[in-house]
Amino acid sequence: MKDEKKYLFDNPKNVKRLLHILYVCCALLVVLDFVIHRHTMHDLEKLWAFYPLYGFISCVVLVIVATWMRTFLMRSEDYYYNPTETDINNDSLNNNALNKEGEHHVDD
Amino acid sequence: MWMIELPPFIPFFLGALILLFTRGMLRSAIMIAIPIVSAIHLSMIPEGIHLQFTFLDYQLAPYRVDKLSIMFGYVFHIAALIGIIYSLHLRDTMQQVSAMLYAGSALGAVFAGDLLTLFIFWELLAFTSVFLIWARRTQRSYDAGMRYLIIQVLSGVILLVGTLFYAYENKTLAFDYIGLDSVAGWLILIAFGIKCAFPIAHNWLTDTYPEATVTGTVFLSAFTTKVAVYALARAYPGAEILIYIGAAMTCFPIFFAVIENDLRRVLAYSLINQVGFMVVGIGIGTALAINGAVSHAFNDVIFKGLLFMSMGAVLHMTGRINGSDLGGLYKTMPKTTILCIVGAASISAFPLFSGFVSKSMVMSAAIEEGFDWIWLMLLFASAGVFHHAGIKIPYFAFFAHDSGIRANDPPNNMLLAMAIAAALCIAIGIYPQALYSLLPYDTGYNPYDATHVLAQTQLLCFSALAFVWLNLKGLYPPELRSTNLDLDWIYRRAIPNALQQMFSAIWQADRALWDSLKLRLNIYLSYFSGKNNRLSILLSRNYPSGSMAMWVAVVLATYLFLSFIE
């Protein structure tokens, strides 16, 4: 590994550069809002920086809600074939009727 | 004209037959030739009904060409060609034959002019495509294929029942506008809805597409849902309920896509999201909206195919597809990375890429018709799709942390297929008029006005900014090896568990019943034997029945003896 070729993003400077390009683009786009005369079809569109704000906020909300969903939706990788102890406990928290192992007996 | 007006499914079905008897280069050549020849043939066919016959008093029209069906006809030929080139390296007759039959069935379904023909191809779609899932030859894919088949066949059966109702009410089987004012209309809508992955009925898609083979998923993503979109566009344009269903479809899958680890499953969720835009367009039902829905279906086949191909290439070369295992692949798979980014830009609807010129039509139609909330939902979904498909897919596969995997770019045929798809994405994005000229209506729509371009670019750039900000803050959910529960949990876990509980309860009750019965029987038996004991003291208590027989013989013998004496 030590002799390996250096790739584009192995250099943190390049990552920085890319991010700076993005920041500049975003700033430019907001400025363009004032320059370009837009013919709007909806009242909301007339708000200052509506699209940038909507895009930013909705993505943040999306990620936060999705992360919260993990707390009750996430199970182990092999859940359907080989559930672990935690999976079973999680399931019985959600639904007490399920997964009480050993209650049914093999008919003798 | 020198040629016969053959329905396009026939060359594909014949091709599948020929594949069985050919090998090697010849087989590859035939596979590539079929969609090309068939597409050229299709382009020469004028509009109208080209095949018609009577069956049990009903007019059947298995080959009808009009503006709507030919659009899907073309894109299915493109998808078939791209998929075939992508899978040229395969040496698997089962997959190649079933892919051919599957593409043929999809073409048969979009050119079906009556409901009975539609039903036949509807079921064929299910039966031919399931082999693309089973071809992975693992227990998981076998189970997933079974679930897929059950749901798809169920959709077909509902379609058949709806068709029977429809034929009874209307005395015709013609497949045109159906509407929602009869039971038949609702049944057929449910059948289409299952194949279209409406919410609640969507899990067959996210469950099975990631379990199919590398090349199989590319075919799967192109046909089944788009046939359903076509059927909805023909039978239910302007049905308002579709607007709300479609808006739900655009929004809920993106939450699952953000936390999903299997990158092909992320794409499956985003497929539902894209189909949602089409369904909204059909629901709005104006000329602009229908155009938007149809052209978005056209573009989606290509860019979603491209994304599935690039993730397929990753799976093919590394053997892994989970975001948690991948990363840093841009170093050794630069071509795949660039092609994947083109697909990602198209699905995110960046200006100059194909998604932009079609999705914006649906959005404009929503706002024109005054569906404000729907428009906001679509806007949210547009930002979200960029987030999970546009950034997450390329980022976690090719960049992010270095996984140490040094896989090469895939075989040339795979790269060629991806390059064709990428070229189409860019070409349609730059020159949308070519696509617009094929559309069912002429609306004179121009996607490239300053307002649209600026708004979309702002939305996307700030979504990207949100991604960067969340990542720097450490708020972005890391890729974890996990299964996320979705509604398939109900039929994969809850119902089997409930049944298990029910049967164990039944068995317990059954056993208790038998035990008590046996106990009763024992009590009665001992009661009777006790009674008998008290009655028969001399002969029966301690003597076996043999002694009784002996004594009878003795008595009879004595009797005989006495009779001789006299």
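Every number in this text was worked out from the coordinates using simple rules, so none of it is lab data. Please read all numbers here as calculations on a predicted model, not as lab measurements. Virtual Cβ from ideal backbone geometry, glycine too; neighbours counted across all protein chains shown.
Here the average projected area of the convex hull drawn through the C-alpha atoms of the range B:13-115 stands at 7.0 nm².
Per DSSP helix of 4 or more residues, -39500 (n - 2.57); summed, then divided by the residues of chain B. What does that give at 222 nm, rounded to the nearest 500? Walk me through the intermediate numbers first.
On the way: 21 runs with 395 residues, N = 566.
Result for chain B, helices only: -24000 deg cm²/dmol.
Between amide H atoms placed 1.01 Å from N, distances below 5 Å from B:D262 occur with B:G323, all of them 5 or more places distant or on a separate chain.
Take the eigenvalues of the Cα gyration tensor for the range B:274-376, scale each by 5, and report the square roots as semi-axes in whole Å, largest first.
On the way: eigenvalues 218, 29, 26 Å².
That gives 33, 12, 11 Å for the three semi-axes.
Kindly state, as a whole number, the per residue volume in cubic angstrom of the convex hull around the alpha carbon atoms of the range B:110-259. Mind showing how you got there, number by number?
Working: hull volume 15.1 nm³, N = 150.
With only Cα atoms used, the range B:110-259 gives 100 Å³ per residue.
Converting phi to 3J(HN,Hα) with the Karplus coefficients 6.51, -1.76 and 1.60 and the offset θ = phi - 60°, the range B:290-297 yields 5, 4, x, 4, 5, 6, 5, 4 Hz in sequence order, with x at every glycine or proline.
Close amide H pairs (under 5 Å, H built 1.01 Å from N) link B:L51 with B:Y63, residues at least 5 positions away or on another chain.
Given the C-alpha atoms of chain B, compute the convex hull and give its volume per residue in Å³.
Numbers: hull volume 169.5 nm³, N = 566.
Spread over its residues, the Cα hull of chain B gives 299 Å³ apiece.
Pairs of C-alpha atoms in the protein assembly as shown farther apart than 47 Å represent 26 percent of all such pairs. Relative to its residue count, the range B:86-149 spans a Cα convex hull of 77 Å³ per residue. Could you state the angle between the C-alpha long axis of helix B:67-86 and the longest principal axis of the C-alpha atoms of chain B, as a value from 0 to 90 degrees rounded to the nearest 10? Once rounded, the angle reads 80 degrees.
So for the range B:335-480, considering every pair of alpha-carbon atoms, how many percent are separated by more than 21 Å?
That fraction is 52 percent.
Seen against the Cα atoms of chain B and their longest principal axis, helix B:9-20 is set at about 70 degrees. Once the Cα-Cα distance is subtracted from the 0.36 nm per residue extended length, the B:I30 to B:Q139 segment shows a gain of 36.0 nm. Amide H contacts for B:Q59 (H built 1.01 Å from N in the peptide plane; partners 5 or more residues away or on another chain; cut-off under 5 Å): B:L173. When each of A:E45, B:E47 is scored by the number of other beta-carbon atoms lying within 10 Å, the sequence from fewest to most is B:E47, A:E45. Residues in the range B:238-246 carry Karplus couplings, in order, of x, 6, 4, 4, 5, 4, 6, 4, x Hz; the curve used is 6.51 cos²θ - 1.76 cosθ + 1.60 with θ = phi - 60°, and Gly or Pro positions show x. When only Cα pairs below 8 angstrom with a gap of at least 6 residues are kept, chain B shows a relative contact order of 13 percent.
Report the gain in length on full extension from B:I200 to B:T54: 0.36 nm times residue separation, minus Cα-Cα distance, nm rounded to one decimal.
Working: separation 146, 0.36 × 146 = 52.56 nm, distance 3.84 nm.
Stretched out fully, the B:I200 to B:T54 stretch lengthens by 48.7 nm.
The angle separating the long axis of helix B:334-347 from the principal Cα axis of greatest extent in chain B is about 90 degrees.
Taking chain B as the region of interest, the number of lysine pairs whose Cα atoms are within less than 24 Å, with members eight or more places apart or on different chains, is 18. Averaged over the residues of A:63-72, the number of partner chain Cβ atoms lying within 10 Å of the residue Cβ comes to 6.
Note that the range B:408-413 has calculated 3J(HN,Hα) couplings of 7, 4, x, x, 4, 5 Hz, one per residue in order, obtained from phi through the Karplus relation 6.51 cos²θ - 1.76 cosθ + 1.60 (θ = phi - 60°); glycine and proline are x. When the label point is put 7 Å from the Cα of B:S43 along its Cα-to-beta-carbon vector, which residues of the range B:435-475 have a backbone N closer than 20 Å? Within reach of a label on B:S43: B:435-440. Each of the peptides B:502-514, B:250-262, B:417-429 was scored by the mean count of other Cβ atoms within 10 Å over its residues; in descending order, highest first, they stand as B:250-262, B:417-429, B:502-514.
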